[in-house]
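Presented below is the structure to which this report refers.
The values are calculated or read from the model by the stated rules, or taken from the named source; none is laboratory data. Small disclaimer: the values here were computed from a predicted structure and weren't measured. Heads up, the Cβs are rebuilt from the backbone with ideal geometry, glycines too, and the neighbour counts pull from every protein chain shown. Heads up: the accessible areas ignore ligands, DNA and RNA and are worked out on the full protein's heavy atoms, side chains in. Shrake-Rupley method; radii C 1.70, N 1.55, O 1.52, S 1.80 Å.
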Amino acid sequence: MMRELVYYVAVSLDGFIAGPNGEFDAFPIEGDHMDAINERFADAIPTDLAAAIGVEQDGSRFDTVLMGWNTYAVGLPMGVTSPYRHLRQLVFSRSHEAEGEGIEITADDPVDVVRRLKAEPGASIWLCGGGALAATLADEIDRLVLKRSPVLFGAGIPLFGARPYSPERLDEVTTTAYRSGVVFSEYVRRAA
């Protein structure tokens, strides 16, 4: 069985995964939805944060994370150079070099990289962001997990960057609404 590419991301009600300058602090980090994140998506929590809050990460959900440069660079001003040390970390960039240990920078075509990764043994591959990389990999995404937060951004980085008009229906797997107002929805690519 091939590995899945999972785009698991927080998104505002108006479709943004971050503010215009990469801001993500408007997403709620407290509430009853956090237990679900910590339990089901522990591998998607930054390594140091997981250790600080006592969440065990075993690589059973994800063992690889993919990031565009701007997504990776969000932590650099705070000295976070290797945010997901418990995972294989691939960063797509044609003009930057690795800042941290365990970071693999690649200028290779993201579609080719994902197809190679899917053919390898292992757990699912997490597409962390950003929107431009998600647009490039849209046809390779097997599972879309949206953590919709009850906030409007007004502007920012869209869930998917610009792509040609090509409607494609996904099948809903599950949707869970939390008292915090956060709604988790999971979709899979419709079988051909």
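Contact map, the stretch 146-165: residues that are closer than 16 Å to G19 by Cα paired with residues that are of a type in the set (S, T, Y), Cβ distance under 7 Å, separation 6+ or inter-chain. Pairs shown: R148/S185; S149/S12; V151/S12; L152/S12; F153/S12.
Looking only at residues that are among the β-branched types (V, I, T) and not in a loop (DSSP other than H, G, I, E, B) in the stretch 142-192, which one is least open to solvent (accessible area, probe 1.4 Å)? Ranking the candidates gives V145 first.
Residues satisfying the criterion are present in the stretch 29-43 (criterion: over 21 Å from E186 (Cβ atoms) and either open to solvent by 50 Å² or more (accessible area, probe 1.4 Å) or among the aliphatic types (A, V, I, L, M) (or both)).
Looking at D14, D48 in this structure, which one is in contact (Cβ under 8 Å) with a residue 24 or more places away in the chain, within 14 Å of L87 (Cβ to Cβ) and surrounded by fewer than 18 Cβ atoms within 10 Å (Cβ to Cβ)?
Details: D14 fails: within 14 Å of L87 (Cβ to Cβ).
Only one candidate qualifies: D48.
Every residue, every condition in (1) open to solvent by 50 Å² or more (accessible area, probe 1.4 Å); (2) within 24 Å of R40 (Cα to Cα); (3) of a type in the set (S, T, Y); (4) in contact with a strand residue (DSSP E or B) (Cβ under 6 Å, 6 or more places away or on another chain), yes or no:
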{"residue": "G59", "(1), (2), (3), (4)": "no, yes, no, no"}
{"residue": "D63", "(1), (2), (3), (4)": "no, yes, no, no"}
{"residue": "M67", "(1), (2), (3), (4)": "no, yes, no, yes"}
{"residue": "N70", "(1), (2), (3), (4)": "yes, no, no, no"}
{"residue": "L76", "(1), (2), (3), (4)": "no, no, no, no"}
{"residue": "G79", "(1), (2), (3), (4)": "yes, no, no, no"}
{"residue": "H86", "(1), (2), (3), (4)": "yes, yes, no, no"}
{"residue": "G100", "(1), (2), (3), (4)": "no, no, no, no"}
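Scanning the stretch 9-47 for residues that are assigned to a strand (DSSP E or B), among the aromatic types (F, W, Y) and within 18 Å of G75 (Cβ to Cβ) returns no hits. Condition test on L133, is it within 13 Å of the chain's Cα centre (by Cα), outside any helix (DSSP H, G or I) and in contact (Cβ under 8 Å) with a residue 24 or more places away in the chain? For L133, the condition - within 13 Å of the chain's Cα centre (by Cα), outside any helix (DSSP H, G or I) and in contact (Cβ under 8 Å) with a residue 24 or more places away in the chain - is not met. Selection within the stretch 89-98: residues that are free of Cβ contacts under 8 Å to residues at least 40 places away in the same chain and farther than 17 Å from L49 by Cα. The member of this set that is most open to solvent (accessible area, probe 1.4 Å) is R94.
The residue that is most open to solvent (accessible area, probe 1.4 Å), among those in the stretch 17-28 that are of a type outside the set (D, E) and more than 15 Å from the chain's Cα centre (by Cα), is N21.
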